[in-house]
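Encoded as structure tokens, the structure appears first; notes follow it.
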Amino acid sequence: MALPSAEETGNMAEMEMQWAVKAMSHAETYMGLLRKVGPNNFRLCPIEDELYDDFKANFPDLNIKVLDENDFKTETAKAKWREFMTRYEHRIHDYNFGSLLRIDCTGDYTEDNSMFAMRTQFLCIEIARNRDNLNNNLSEN
């Protein structure tokens with residue numbers, strides 16, 4: 001495989017910046033909803049019930065309060081997540097789009113409290129946090 005040309009590298013950097021802007025905008029919107037509306041007063045996706053049940057069945061021991069990146073980044077974890085997410089390829093818009101995910105649910109999005117995740121992973125974790133009342137401390141209601 002050939003290395004990209006300088007022109008292509010410039011385009012990749014631009015695409016990466018566009019992703020970062022979109023991901024940060026998404027994160028800010030989500031935190032706004034948690035604070036203003038409350039975690040139990042909105043739905044993140046139309047198949048939230050099914051996604052929550054499937055996530056809990058497939059990842060019953062995953063600590064969603066404070067995430068361990070190894071539960072997402074090891075080869076074994078990646079394979080398990082890939083198999084899980086592929087089932088939702090045609091049911092979740094941008095199912096594998098990069099998103100920011102808070103590591104510790106008691107905190108905001110910061111450099112030290114954020115990790116890269118796929119959209120389906122974000123949905124699973126945040127739906128579970130909302131339903132398990134772990135995001136209640138963020139609500140202004």
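Residues in segment 114-129 that are at pLDDT 95 or above and not charged (D, E, K, R): THR120, GLN121, PHE122, LEU123, CYS124, ILE125, ILE127, ALA128.
Where helices (runs of 4 or more DSSP H) fall entirely within segment 25-141, those with at least 2 residues that are within 16 Å of the chain's Cα centre (by Cα), surrounded by 14 or more Cβ atoms within 10 Å (Cβ to Cβ) and touching a residue at least 60 places away in the same chain (Cβ under 8 Å) are at 48-58, 119-131.
The values are calculated or read from the model by the stated rules, or taken from the named source; none is laboratory data. Source: prediction; values computed, not measured. In this analysis, Cβ positions are derived from the backbone assuming ideal geometry, glycine residues included, and neighbour counts consider all displayed protein chains.
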